[in-house]
Amino acid sequence: MEFGSGFKYCIIHPFSSGSLESIPAVLGQFWNRQLTRPQRFRTVGRKLIKKHEQDEPRPLYMDFQATTPMDPRVLDAMLPYQVNYYGNPHSRTHAYGWESESAMETARKQQVADLIGADPREIVFTSGATESNNMAIKGVARFYKAKKRHVITTQTEHKCVLDSCRILESEGFDVTYLPVQNNGLLDLELLEASIRTDTSLVSVMTVNNEIGTIRFMRSQICRSKGVFFHTDAAQAVGKIPISISDWKIDLMSISGHKIYGPKGVGALYVRRRPRVRLEPIQNGGGQERGLRSGTVPTPLAVGLGAACSIAQEEMEYDHQRVSMLANRLVQKVMSEIPDVIMNGDPEQRYPGCINLSFAYVEGESLLMALKDVALSSGSACTSASLEPSYVLRAIGADEDLAHSSIRFGIGRFTTEEEIDYTAEKCIEQVHRLREMSPLWEMSQEGIDLKSINWTQH
């Protein structure tokens, strides 16, 4: 379509089947030539979304490990800094900058730092946990590379940690990827035996994003051997109590959108005493004590601070309620469906992350059958792949069970009605899919499927 002199716009209907022929017809319903061009686009967008919502109701949201909805109280805190207080927080010569800087430092000192028991000077604002993990792992390894060129992590870390370690390997560093036990926990004796004189960093996540296993890694092992300890706490901060001093943590990654805050903001805790040095991976104006150059987005920092403050106030209540809902879901599903395996440790886990494998059912088929519930077959960063979850394979799950896993995420805004509906739909669809499965029929006849030598045609 052409609007005005010399300008052409190609508008893709976000809810179309992909047929370009249908786009002009869709737009023709909504286009009003009496409006200005920006007004037209806004009107079209609103009406297309409204039409989609009328045609297809949105599914229930049960994927809280991928992201969380923003708490309305967080949005309330952010809005003034999106509209009225728009100054650059690093502008020191006028009131606009002072207002934004004050809000940013309040978020740093009284909210983010307080939640984990840190000194405010140890908090560095970032764009999220992925950047924080990259800064911690690459930054420490590169700073100390003259004397130490060994890094330790585990096979079940988030993709950004594993990929950061692979980048270090390409730079000549030696990386040890420790296996985990069948419950997802790390053998601390194996960790201690793996530390070498040239080890600079150990990176182990606090709560696994796929199976919910909690690793209470009080890292006296690392401290006693002069090795820095980093933890990816994106799934843990604001959900379980964390004390960086008790846990002897040197670096910790935080994400805003995992704790009902905005996307695009996070933080990295960097210990000052004993001091941790890291080489910045982003250079520029020297903001954030020279560790992360770039203008800090004040609205996002305020939103992260508000999310941390709310989490601190409501953590105990949220945890109790999430535990109750999780138990309700697991009991309903496992009492009605045989051959269901809960992945991860049954006790040492965050209750809001439930990973179940439904034997003799393909996980992708079950996800499609449960289209009115937003679920995941694993990490949002890897769930588009047809390969089985590397986390489930690392804990020893058979490939068929790894393929049959579904992750249920429960959070602050989940209701009992949503839990009951999800359980009932899951029970119904698993029974339906198993009725069509020859493997299920063979297992019911007592045939040991593992003893069969399958031939390929």
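Residue by residue through region 280-323, note down the ones that are assigned to a helix (DSSP H, G or I) and of a type in the set (Gly, Ala, Ser). The answer is GLY290, ALA301, GLY303, GLY305, ALA306, ALA307, SER309, ALA311, SER323. Which members of region 187-219 meet the condition of being open to solvent by 10 Å² or more (accessible area, probe 1.4 Å) and in contact with a Pro (Cβ under 9 Å, 6 or more places away or on another chain)? Residues satisfying the conditions are ASP187, LEU190. When we screen LEU168, LEU191, LEU162 for residues that are under 17 Å from the mean Cα position of the chain (by Cα) and part of a helix (DSSP H, G or I), the only hit is LEU162. Taking THR154, is it under 30 Å from VAL373 (Cα atoms), of a type in the set (Ser, Thr, Tyr) and touching a residue at least 40 places away in the same chain (Cβ under 8 Å)? The answer is no for THR154. Residue check, ASP119 against (1) under 30 Å from GLU417 (Cβ atoms); (2) open to solvent by 40 Å² or more (accessible area, probe 1.4 Å), all met but one. Which one? Every listed condition holds for ASP119 apart from (1). Whenever a residue of region 56-69 is closer than 9 Å to SER376 by Cα, its partners that are open to solvent by 40 Å² or more (accessible area, probe 1.4 Å) and in a loop (DSSP other than H, G, I, E, B), lying with C-beta atoms within less than 7 angstrom and at least six residues away or across chains, give the pairs ALA66/ALA380.
For region 126-153, enumerate the residues that are hydroxyl-bearing (Ser, Thr, Tyr) and more than 16 Å from THR231 (Cα to Cα). Step through it out loud before you land on a result.
Within region 126-153, the subset hydroxyl-bearing (Ser, Thr, Tyr) is 126-127, 130, 132, 144, 153.
Across region 126-153, the qualifying residues are SER127, TYR144.
CYS222 meets all of the listed conditions (1) open to solvent by 10 Å² or more (accessible area, probe 1.4 Å); (2) at pLDDT below 95; (3) among the hydrophobic types (A, V, I, L, M, F, W, C); (4) over 27 Å from SER377 (Cα atoms) but one, namely (1). Elements of the type helices (runs of 4 or more DSSP H) sitting completely within region 386-451 and holding at least 2 residues that are surrounded by fewer than 13 Cβ atoms within 10 Å (Cβ to Cβ): these cover 416-435, 438-444.
The values are calculated or read from the model by the stated rules, or taken from the named source; none is laboratory data. Just so it is clear, the model here is predicted, and its values are computed rather than measured. When we count neighbours, we look across all protein chains shown, and the Cβ atoms used for this are built from the backbone with ideal geometry, even at glycine. Remember, those area values only see protein heavy atoms, side chains included, never the ligands or the DNA or RNA. Shrake-Rupley method; radii C 1.70, N 1.55, O 1.52, S 1.80 Å.
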